[in-house]
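Read the figures in this text as sums done on the coordinates, not as results from a lab. The structure displayed is predicted, hence computed values, not measured ones. Virtual Cβ from ideal backbone geometry, glycine too; neighbours counted across all protein chains shown.
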Amino acid sequence: MSEDAEVVGARVGKGLQSLSSFGSGSTKYEILAIIATAVIVIGGLEVLLRWFEVPQYILPTPSQIAVALVTDFPLILPHLGHTLVVLLSGFAIGAGIGMFLAAVITQFPFAEKIIAPYILILVTTPMLALVPLLILRFGFGYEPRIIAVALASGPMVMINSATGFRRVDANKIALARSYGASTLQIFWKIRAPMALPMILVGLMIGAIFGLLTAVGAEMVGGGFGLGNRLTTYSSMIQMPQFFGVVLMLSALGILIYVIFFLIGKKWASWEA
């Protein structure tokens with residue numbers, strides 16, 4: 001990839017180091033402070049909205065959102081399943097292709113000159129703009145949404161993985177070659193393990209981009225998914241349910257963050 005892409009990837013690569021540091025020094029007092037802050041913010045918002053009598057259709061109170069989320073959860077749950085299917089399928093395809101292309105361009109520099117322009121186009125193009133075209137071709141099923149998620153997440157995984165594959169001590173590679181290691185052995189024994197932190201960062205960013213794209217694609221067309229619920233609730237001015245779905249999407253994003261944090265802490269914290 002280009003030098004700018006490597007700089008961006010290197011900056012983002014610091015994310016897992018900060019992830020690894022968070023929680024290691026946390027004490028029960030810090031946890032209590034976090035909980036107390038959340039209670040104050042949520043409770044203060046509840047009081048202010050009730051004090052100024054803000055209409056529910058403009059901004060519901062946290063208690064109204066919680067009640068609506070619990071009440072309508074059986075109706076929202078199937079749509080959550082549809083969104084997860086789109087996200088996981090598209091992310092698996094995009095991440096797999098992205099990591100493969102990252103390995104190819106780091107081993108064959110000439111391939112980078114061919115592939116890089118198209119990857120930059122994908123990075124700078126909003127995938128939601130392609131969803132109507134994909135719907136015209138594949139219909140209103142899973143296919144257009146999965147393709148959009150794959151196109152959104154794949155380049156992010158590729159850029160960060162390629163940056164990680166390049167961040168290898170040249171002396172280690174030279175030493176391995178002096179012992180007769182092949183290119184494939186060097187890649188699996190040296191490049192891949194040392195690139196793992198950056199790969200995890202790319203996967204985390206790709207998953208988050210994939211989630212946003214999946215929801216946006218569901219809002220554009222189709223009768224299922226959390227994005228469809230957002231469109232439906234907003235059109236019916238059911239704002240407590242609307243913000244309940246937003247809360248669920250926020251929880252999904254946090255869950256993605258936590259999953260890759262735990263993976264990075266277990267398998268990639270050694271880099272720090």
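Of the helices (runs of 4 or more DSSP H) that lie entirely inside region 109-178, those containing 2 or more residues that are without any contact (Cβ under 8 Å) to a residue 40 or more places away in the chain, surrounded by fewer than 18 Cβ atoms within 10 Å (Cβ to Cβ) and out of contact with any His (no Cβ under 6 Å at 6 or more places or on another chain) span 109-124, 131-138, 170-178.
Restricted to region 236-254, and to residues that are in a helix (DSSP H, G or I) and of a type in the set (S, T, N, Q), which residue is surrounded by the most Cβ atoms within 10 Å (Cβ to Cβ)? Within region 236-254, the match that is surrounded by the most Cβ atoms within 10 Å (Cβ to Cβ) is Gln241. Based on this model, can you work out whether Ala214 counts as closer than 19 Å to Met127 by Cα, in a helix (DSSP H, G or I) and touching a Lys or Arg at 6+ places or on another chain (Cβ under 9 Å)? The answer is yes for Ala214. Among the residues making up region 210-235, those that are buried (at least 21 other Cβ atoms within 10 Å of the Cβ) and without any contact (Cβ under 8 Å) to a residue 40 or more places away in the chain are Leu230, Tyr233. Against the list (1) in contact with a Pro (Cβ under 6 Å, 6 or more places away or on another chain); (2) under 26 Å from Glu143 (Cα atoms); (3) of a type in the set (A, V, I, L, M, F, W, C), the condition Ile256 fails is (1). Among the residues of region 223-235, which ones are closer than 23 Å to Leu203 by Cα and either of a type in the set (A, V, I, L, M) or in a helix (DSSP H, G or I) (or both)? Answer for region 223-235, where residues must be closer than 23 Å to Leu203 by Cα and either of a type in the set (A, V, I, L, M) or in a helix (DSSP H, G or I) (or both): Leu226, Gly227. Of the residues contained in region 35-55, none is found to be surrounded by 15 or more Cβ atoms within 10 Å (Cβ to Cβ) and not in a helix (DSSP H, G or I). In the set (1) surrounded by fewer than 17 Cβ atoms within 10 Å (Cβ to Cβ); (2) of a type outside the set (Ser, Thr, Tyr); (3) assigned to a helix (DSSP H, G or I), the condition left unmet by Leu59 is number (3).
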